[in-house]
Every structure is written in structure tokens, then in C-alpha cells.
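The values are calculated or read from the model by the stated rules, or taken from the named source; none is laboratory data. Computed from a prediction, not measured in an experiment: that's the story for all the values here. Every residue, glycine as well, gets a Cβ built from its backbone with ideal geometry; the counts of neighbours run over all protein chains shown. Ligands, DNA and RNA are excluded from the accessible area calculation, which covers all protein heavy atoms including side chains. Shrake-Rupley method; radii C 1.70, N 1.55, O 1.52, S 1.80 Å.
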Amino acid sequence: MLDPGHNPGNSSHTAEINRQVDIGNARKECDTTGTETDAGYTEADYTLDVSRRARAILTARGATVAFTQDGDRPWGPCIDERARAAADAHADVALSVHADGAPASGSGFHVIMPAKVVAGKADNSAIVEPSHRLGLLLRERFHAATGEPFADYIAENGLDTRSDLGGLNLSTVPKVFIECGNMRNPADAKRMTDPQWRQKAAEGIADALTAYLTSRD
Ligand SMILES: [Zn+2]
């Protein structure tokens, strides 16, 4: 399951995406608009493009790839629905594609892995360990494919663990997020706006998923 973060239509559906949803240990907005580069290239367009490129690579390798959204709905889905989608599709693994909107001085990519959350309707304890394995593979393969450095403004050596993301709290399928770079940083924005770089980003993501799915331990 590939989960292209946000939706190009979210910005014109603020009432729908601001609705609060239950993520187990808190309530949070259904979804957000995401960020964009200073020139106006949106995270939603970026995540959809990279996910489609990754799907093409993975499909050619024999994988069955599903999307939480494929630019085929006006907004969303909400984060709880995104989390459920992987289980509903009986997916072996799930990956959310994002880009960050941090202060301009920061650059680099990072991978977000689930902290164990057992609260309310959330219980992701079964996915913490396999998601960590996926996270390490993704950090390695994304860096190898793109040359993008580990984030210098967040996470530690490109890895973060969080308990405040509905998409990870509510998942019952091994899952991580990748923040491919900081769209507010000029150098990262230049790379992310380049289709050739996005192809490399997609290759890194596809390589990590391929390695995960073919090296079960
Ligand atoms: Zn995002």
C-alpha cells in the first residue's frame, strides 16, 4: 500500500479535512493541506507523482500495489481511513510519502517509524518491530538512490519515532512515513521539483519495499 500524503483538493475542502478523527491516544484533523515550495509546487502533487513512479517500478517487479488515493477523489481520505486501507487491502506493507515544510535553513530527508501505541482504538504493537526493519531499509535505500543527506534539523541520523501520527497509531500493517526533504529549503525544493530526482526518490522507495518483501526475517 502506497499512501500519497494529502490530496491536491484538500485546500478547497477545509471543512471536511478539519473534522476531528480519533487516533487512539488523541483526536486530530482528518487531514491537512500539506506544504509547498516557495514557488508553489505542492506536497500533494509531489507525493502523488513519486508514488505513481514507485508503483510503476514495483508493478514491473511483480508487486501488487494499491493506493489510499490516486488523485481520483476531491479531498482526503482522512488519516484514520488511510491507516485502515492497508488492512482492508490485505497489504503486506504500507508506506506514506510526504515532504516536510520546516524552516528554510533545514534540509535532508527522514523516516518516521511508529512508537508503540496501545490506547483507545489504537493497538499497533504488532507492527513496531517490522516497521523498524522497514524504516532502516528505507533510510539506506532512499539515501543510496538519491544522495539526499539525512535531515539536519529533525530526527536522528534520518530516523524518527512518533506516537502522534494517526497513520501509524492506527495501522495494523507494518508501516513507515518518509519525509523526502524540506520543501521550504531552496536546495531540497530544487531537487524535489526535478522529475529526474523524483524518479530516483521513487527508485529508493521501491528498492526499500522490494528488500523488505523479499527478505522476511
Ligand atoms: Zn505531509
**Request:** Excluding G166 itself, calculate the net charge of residues whose Cβ lies under 12 Å from the Cβ of G166, where each Lys or Arg counts +1 and each Asp or Glu counts -1.
**Result:** 0
**Request:** Mind ranking Y41, Y153, Y212 by accessible surface for me, highest first, 1.4 Å probe?
**Result:** Y153, Y41, Y212
**Request:** Find out how many positive minus negative residues lie around H110, taking Lys and Arg as positive, Asp and Glu as negative, among other residues whose Cβ is under 11 Å from that of H110.
**Result:** -4
**Item:** the chain, relative contact order in percent, only Cα pairs under 8 angstrom and at least six apart counted
**Value:** 28
**Complete:** Any lysines whose Cα falls less than 16 Å from that of K175, other than same-chain ones fewer than 8 residues away, would be K116
**Request:** For A144 and N157, compute 0.36 nm times the residue count separating them, minus their Cα-Cα distance, and round to one decimal in nm.
**Result:** 3.2 nm
**Asked** For segment 150-217, what is the Kirkwood hydrodynamic radius in Å, using each pair of distinct C-alpha atoms?
**Response** 14.1
**Request:** Using only the C-alpha atoms of segment 98-162, find the volume of their convex hull and express it per residue in Å³.
**Result:** 97
**Asked** Which value in deg cm²/dmol, rounded to the nearest 500, describes the helix-derived mean residue ellipticity at 222 nm for the chain, given -39,500 (n - 2.57) per DSSP H run of n ≥ 4 and division by the residue count?
**Response** -12000 deg cm²/dmol
**Asked** Using unit Cβ charges (K, R positive; D, E negative) and no other charged atoms, how large, in debye to the nearest 20, is the dipole of the chain about its Cα centre?
**Response** 360
**Item:** Local electrostatic count, Y46, Cβ distance below 10 Å [Lys/Arg +1, Asp/Glu -1]
**Value:** -3
**Complete:** Diffusion coefficient in µm²/s returned for segment 1-115 by Stokes-Einstein, Kirkwood Rh over C-alpha pairs, 10 °C and 1.306 mPa s, is 105
**Message:** For segment 91-170, what does the relative contact order come out to in percent, with C-alpha contacts under 8 Å and a separation of six or more?
**Reply:** 42
**Radius of gyration and Dmax over the Cα atoms of the chain, both given in Å** = 15.7, 44
